[in-house]
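Following: one structure in structure tokens, then a few remarks.
What follows draws every value from the coordinates through simple rules; no lab data is involved. These figures come from a predicted structure and were not determined experimentally. Positions of Cβ are backbone-derived with ideal geometry, glycine not excepted, and every protein chain shown enters the neighbour counts.
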Amino acid sequence: MTRAQTRKIEGVIAMTLSTLAAIVGLFWLVFILGDVLVHGVNALNAGLFTNDPAPAGIEGGGLRNAFVGQLLITLCATLIGVPAGVLGGTFLAEYARGRKIAKMISILSDIMVSVPSIVIGTFIYAVVVKPSGHFSGWAGAIALAIIMIPVVLRTTEDMLTLVPWTLREAAFALGAPYYKVIIQIVYRGAAAGILTGILLSIARVAGETAPLLFTSFNNSFFSVNMNEPIASLTVTVFQYAMGPYESWHAQAWAASFVVTMFILVLTIIGRLVIKWRFGK
Amino acid sequence: MPLLYKKNPADIVFSSVTAIASFSVIVLVIGIFYVLVSESSLAIERFGITKFLASTDWDPVRGSFGALTNIYGTVLTTFLSLLIAIPVAIGIAIFVTEVSPDFLKGPISAAIELLAAIPSIIYGMWGLFTLSPIMSNHIEPFLKKITAGIPFVSILFEGTPMGIDILTASVILSIMIIPFTASISRDCFNLTPSIVKESAYAIGATKWEVVKNVVIPYSKLGVFGGIVLSLGRAIGETMAVAFVLGNNHRITTSLLDAAATITVTLANEFAEADNDIYLSSLFYLALVLFVMSFITLAIAKYFLLKAGKKYSR
């Protein structure tokens, strides 16, 4: 074999391997989503959304408490996390633009985005659950909000930075104070991007389990009281999947299906908006 | 930077509100560190630092705790998952940037990134009900058979294949981190100036030689950053491994044994800790995890920033 031939064959082998790698990646995606879909749809029924759980081991019952609890916790987390994140991002991109402190907070947020969520759970346990003496929905919501803040903050900062500086100068020239420029000009220009960031951050926390395990805990009864332990879909999935009953496993699949679809739809919408707004 | 806003009272209010919001990130980082240290002070006093990190004890009954079995589990699963994930992720990045036809590039990248959006609890449940039986019935017996008789390697696959073990957990972790490594590597590969690649093609290099000798050397800093970032993610992953790792506080040499990582121990035992020293030791573990992942992520960020500076030049 000549050297040219060996080089060509080597190239073909390497390119085939990389194609295989892509197929492996797609294979996992299809495998996992397909599995959740098949098991989830089979276990899905209207009673799941309208009934509360049956006593352990007895067939029937639903997860109404967990659906409502999950919505409540996520909603409260959004109400705390989004304003803090958006305002924080505004500071970095506007008032502190180009300063060392902005760079530092930005880097710290990037690190916080990836800090293990279970550590946030232990932190909230120490500062909220322990002093109040009991698990509560609020503790769970605060834990999720803490996870949201750096995510929203970083996307807001990036989106505001994309708004051309000349646009602000035009508004300054009309004599507008900076806060009015930000609220009426800059936010409007970056609205689609900021909203996308918010959607993606909701998708991120809606699937979190670890920080809820010892903050909002679990509750097998229907409750909308955020001062008490409250059920969430993800913690229920954990409990049911690890439990011994077949009916629990089926409900865990159904709940996983709902959570996964919710998150995938949010993520896909977010990506489409980004593509539509900023794509080539 | 115009400092106009100082002149308007409403601006002073608005800028302070935004400043407080963004400083909350600093407060949180320091607050988490401080709270974890103060909550674990009892265990720090009792066990010290080196003794806690080096002890394999985990005995809630006698109140004697050490972190080594948990750290061992975390390091081992993370290492194995990177070993599986890196070649696949780099392969995907090469495919998307160099091999794939243009119309497939977008959809394939998007699909791989969707993997990252699936919540970790879904990975965990899928691992428990679907992957674990496959591992224990097919893959693990097969690995045992082909490694039997090979010295040292066969030690890794001793014991009965149960499917609830280090190997299964590492496979799930590797699937979870593929999208991170793949998308960062792809972005870095894309930043290679085409003029450099074209010069290599002009002197007769094949596509693979361009990737191997031009693209990868040019983007290695960013790719390395991406790998370290995935490492940081894998260290802190909880739910995906909690289902399939068992909760076994022993140091095992076989990959077919159950083990415990820091995160799994926290998830399983935190709500059940019934005395102060137990709870305090768990906080201590959380502190170790926080410090480990913070340092890893900071290193990743350092390399990614350095890479960013290099490419923007």
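What the table shows:
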read-out: Chain B - percent relative contact order, Cα under 8 Å, separation 6 or more; value: 27
read-out: Sorted by Cβ density within 10 Å, fewest first, the residues B:Thr296, A:Thr236; value: B:Thr296, A:Thr236
read-out: Expected 222 nm ellipticity per residue - DSSP helices of 4 or more, -39500 (n - 2.57), all of chain A, to 500; value: -24000 deg cm²/dmol
read-out: Space enclosed by the convex hull of the alpha-carbon atoms of region A:1-137, per residue, Å³; value: 271
read-out: Cβ-derived FRET efficiency at R0 45 Å, B:Phe142 paired with A:Trp276, nearest 0.05; value: 0.45
read-out: Segment A:Ile269-A:Leu195, length gained on full extension (0.36 nm per residue, minus Cα span); value: 25.6 nm
read-out: Computed over region A:3-43, Cα set: Rg, Dmax in Å; value: 17.7, 60
read-out: Centroid-to-centroid separation of region B:31-81 and region A:207-276 [C-alpha atoms, Å]; value: 30
read-out: Paramagnetic reach from B:Ala54 (point 7 Å along Cα→Cβ, amide N under 18 Å) across region B:251-290; value: B:251
read-out: Ascending count of other beta-carbon atoms within 10 Å, so fewest first, for B:Thr263, A:Thr260; value: A:Thr260, B:Thr263
read-out: Selection from A:Ala54, A:Ser18, A:Val181, by position along the positive dipole direction of chain A (Cβ); value: A:Val181
read-out: Kyte-Doolittle at least -1.0, axis length at least 20 Å by Cα - qualifying DSSP helices, chain B; value: B:9-39, B:68-94, B:102-117, B:166-190, B:216-236, B:276-312
read-out: Label point distance in nm, A:Met242-B:Ala110, each placed 7 Å from Cα along Cα→Cβ; value: 3.7
read-out: Mean ellipticity per residue at 222 nm, deg cm²/dmol - from DSSP H runs of n ≥ 4 across chain B, formula -39500 (n - 2.57); value: -22000 deg cm²/dmol
read-out: Least to most buried among A:Trp165, B:Trp126 (fewest other Cβ within 10 Å first); value: A:Trp165, B:Trp126
read-out: Kirkwood Rh (inverse of mean 1/r, distinct Cα pairs), region A:156-246, angstrom; value: 16.8
read-out: Radius ratio Rg over Rh of the protein assembly as shown, counting only Cα atoms, Kirkwood formula for Rh; value: 0.98
read-out: Length-normalised contact order for chain A - Cα pairs under 8 Å, 6+ apart - percent; value: 26
read-out: Values of log10 I(q)/I(0), in the order q = 0.14, 0.16 Å⁻¹, for region B:238-303 under a Debye, Cα-only, solvent-free model; value: -0.52, -0.65
read-out: P(r) of chain A over all Cα-Cα pairs, binned every 10 Å from zero, in whole percent; value: 6, 22, 26, 21, 14, 8, 3, 0
read-out: Rounded FRET efficiency, nearest 0.05, which uses the C-beta distance separating B:Phe33 from B:Leu68 and R0 of 22 Å; value: 0.50
read-out: Pair A:Leu75, B:Val61: separation of 7 Å Cα→Cβ label points (nm); value: 4.8
